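Below: one structure, written as structure tokens.
The values are calculated or read from the model by the stated rules, or taken from the named source; none is laboratory data. What you see is a predicted model; the values in this text were computed from it and never measured. FYI the Cβ positions are ideal-geometry reconstructions off the backbone, even for glycines, and counts take in every protein chain you see. Side chains are part of the model used for accessible areas, which takes the heavy atoms of the whole protein and leaves out ligands, DNA and RNA. Shrake-Rupley method; radii C 1.70, N 1.55, O 1.52, S 1.80 Å.
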Amino acid sequence: MISVSNVNVHFGERTLLDNVSFVIGQRDRIGLVGRNGAGKSTLLKIIANYQSPNGGGAVSKASNATVGFLHQDMTLPKGKTVIDEALSAFDEVKELEKRIEELNHQLTIRTDYDSDSYMDLIHEVSEATERHHILGGETAQADAERILRGLGFKTSDMNRLTDEFSGGWQMRVELAKMLLQRPDFLLLDEPTNHLDIESIIWLERFLEDYPGAVVVISHDKQFLDNVTKRTVEIELGKIYDYKANYTKYVEMRAERRELLQNAYENQQKLIAQRERTISRFMAKATKTSMAQSMQKQLDKLERIEIDEEDIRAMNIRFPPAPRSGQVVVEAQGLSKSYGKLDVLSRIDLKLDRGDRVAFVGQNGQGKTTLAKILIGDLANTEGEVILGHNVQVGYYAQNQAETLYKDNTLLETMEMHSPPEMRTKLRAILGAFMFTGDDSDKKVSVLSGGERARLALACLLLKPFNLLLLDEPTNHLDMISKEVLKEALMQYDGTLIVVSHDRDFLKDLTSKTVEFRDKKLYEHLGDVNYFLEKRQLDDMRDVELKTKNTPSVNTAVQKQTDDKDRKKIERTVQTSEKRIAELEKQVVDIEKDMAKSDFYNRKDAQKVLDKYKNVQSELAAEMEKWEAALLELETV
């Protein structure tokens, strides 16, 4: 386990973490939650030994315990392919393989079978082989490819350089390396920020069976509910520990505060009553000693204290949407290519006034590209886009917060985006977005990611619009801010397009879901959850597999062929599993034989050593065959 004891962190006069203590068990599933700036990432860095508590305290763990830490500032070395970078997670495996080969060579050429050093070699071979097996050395390549595919990489991506990918995709490679290393304690800081819905669901399933402890910071409520069973909240420097997932924690937190408030009020009534009695008794000489006794008892009373609660929230209200024409935007035969890369191919889309649409699908399928084309920020390769009568566009880009001028103050930033008639209201609007007092004179450069996101949203509200397009608007927003934004969007009376991977945010927000897949669009009525549930599927990759073949007169014939293929592959998997069990038993039997004290005095010792090496090689090959068959089975 990991023990966090009396950790204190100060920034100037501000106390970020105040005497924080808690324990992480070996199989814990912990969600670390709190407002932006509460100290979640700082605490995770301290646990991972990336940072020391400047106000004292300690973190202790077993000397052999391993910790993996995925944080937001990771960078990959350049010049390596995706698969090679992922396989760097097996550096220890590679070193073990070299060592095992050296040891086996020594066993082959040495003849001092009775010496202690020879027996030491035998034991080292056995230990190294066991460690190699625990680390997954026999299936490293297959495991790496499986996890990379789960995180959204295609087979064609495996040999591409990591340099060719965006920061979000590079973060996926880092996450894959961490999952392959299988540390005892897995610390994840916003792992879903750069994942699409299907990859998030894959990660949830992976973490279900993870053998170690998982501590995760996330603003994705559904991800936390599906992954965690314990919630540790940081609020105003204090820790509150709940044995529950996020949704249950919210209920328990409200109940705890309500009970505490009731107990506090009752105690205050009791104290006031006793103080009145003491005052009356003190006025009478015959009652003075009794009053003094009562006062001593009152002084000893353990007072109930109610901790401060950070209840600050944005106050968002979108301006009424000017009336537009019935057809708000229409795309006809639209295509977009970047050089030889086709992203969208002859797609059609029509949105009517009042439509509320979610754009979903794998990253790289063209969601942001189409959004930019629709509002005129990006030129299409073919086809046309027609904006309807009196359409006024409000657009929040995926990197909107990063486009703000860093050297401007908050007020100057608002003035840049404001029409003249709104200038007198800018400070009030900043206040509604939790920027008060002297905050308006701060430079944008000193703001956190969450604060910049709030400022960008504030700028968006300065002009009226009737087509609102939001591309990943929840990035960098905490739970409360996301709820406030969602509630404001529920009240918005214009046409809405939302690009998001946050299932809880999209739930009930939209009435139509547009899926991006294979350069085409597929429209579905209902929100994203209904889209998934109506097929009784859990992720979009299953949707893709199920709908890949267009129904035709040959469907029945194709189904028969698929069934035959599946049965054939299943037989291969079963045969392979049986053979692996046989080979593993042979390895165990030979190792027992080799461990006998007189083994190297026997004439057949070299023959047994050769057999041992051959069985290990055959086992590794059979494991690869089994992995390949399983992967093939997934695609049928």
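Across segment 75-87, rounded Karplus estimates of 3J(HN,Hα) from the backbone phi angles (6.51 cos²θ - 1.76 cosθ + 1.60, θ = phi - 60°) give 10, 9, x, 8, x, 10, 6, 4, 5, 5, 5, 5, 5 Hz, Gly and Pro being marked x. The trypsin sites (Lys or Arg not before Pro) of segment 241-299 that DSSP puts in a loop, and whose beta carbon has at most 14 other beta carbons within 10 Å, are Lys243, Lys284.
Remark: segment 392-408, residue by residue, has Karplus-estimated 3J(HN,Hα) of 10, 9, x, 10, 10, 7, 4, 10, 4, 5, 7, 8, 5, 5, 5, 8, 7 Hz, where x stands for each Gly or Pro and the curve is 6.51 cos²θ - 1.76 cosθ + 1.60 at θ = phi - 60°. Across segment 40-49, coupling constants 3J(HN,Hα) worked out from phi with the 6.51/-1.76/1.60 Karplus curve, θ = phi - 60°, read 4, 5, 4, 5, 5, 5, 5, 4, 7, 6 Hz, and Gly and Pro carry x.
Cα centroid separation, segment 104-150 to segment 414-440: 66 Å. For the Cα trace of segment 142-207, dividing Rg by the Kirkwood Rh returns an Rg/Rh value of 0.93.
Thinking of segment 9-84 as a set of Cα atoms, what percent of all their pairs are more than 15 Å apart? Summing the P(r) tail past 15 Å for segment 9-84 gives 66 percent.
Summed over the residues of the chain and divided among them, the accessible surface reaches 51 Å² per residue at a probe radius of 1.4 Å.
Scaling against 2.2 N^0.38 Å puts the C-alpha radius of gyration of segment 563-626 at 1.48.
In summary, segment 318-407 shows an alpha-carbon radius of gyration equal to 1.19 times the 2.2 N^0.38 Å reference for compact globular proteins.
Taking R0 as 51 Å, what FRET efficiency do you get between Arg274 and Asn408 from their Cβ-Cβ distance, rounded to the nearest 0.05?
In this case the efficiency is close to 0.30.
Cross-link pairs exceeding 23 Å between alpha carbons, from the set Lys486/Lys512; Lys40/Lys61; Lys154/Lys625; Lys45/Lys177; Lys372/Lys519; Lys177/Lys336: Lys177/Lys336. Using only Cα coordinates, the Kirkwood hydrodynamic radius of segment 47-116 works out to 17.1 Å.
Answer rounded, prolate or oblate for the chain, using the Cα gyration tensor with square roots of eigenvalues a ≥ b ≥ c: rounded when a/c is under 1.5, else prolate when a/b is larger than b/c, else oblate. Oblate, because a/c is 1.5 or more while a/b does not exceed b/c. The Cα atoms of segment 118-174 give a gyration tensor whose axes a ≥ b ≥ c have a/c of 1.5 or more with a/b greater than b/c, which makes the shape prolate.
The trypsin sites (Lys or Arg not before Pro) of segment 415-519 that DSSP puts in a loop, and whose beta carbon has at most 16 other beta carbons within 10 Å, are Lys442, Lys507, Lys519. Per residue, the convex hull spanned by the Cα atoms of segment 161-272 measures out at 129 cubic angstrom. The calculated Kirkwood hydrodynamic radius for segment 382-437 is 14.0 Å, given to one decimal from all distinct C-alpha pairs. Charges on Cβ only, +1 for Lys and Arg, -1 for Asp and Glu, centred on the Cα centroid of the chain; of Ala213, Ala144, Phe11, which one is farthest towards the dipole's positive end? It is Phe11, whose Cα lies furthest towards the positive end. Across the chain, Cα pairs under 8 Å and at least six residues apart give a relative contact order of 14 percent. Using 7 Å Cα-to-Cβ label points, what is the Thr66/Asp342 separation (nm, one decimal)? That separation, rounded to one decimal, is 4.4 nm.
Which percent of the accessible area of the chain is formed by carbon and sulfur heavy atoms (probe 1.4 angstrom)?
With neighbouring chains kept in place, the figure for the chain is 48 percent.
At a threshold of 8 angstrom on Cα-Cα distance, excluding pairs fewer than six apart, so keeping six or more, what relative contact order does segment 147-268 reach in percent? The value is 19 percent.
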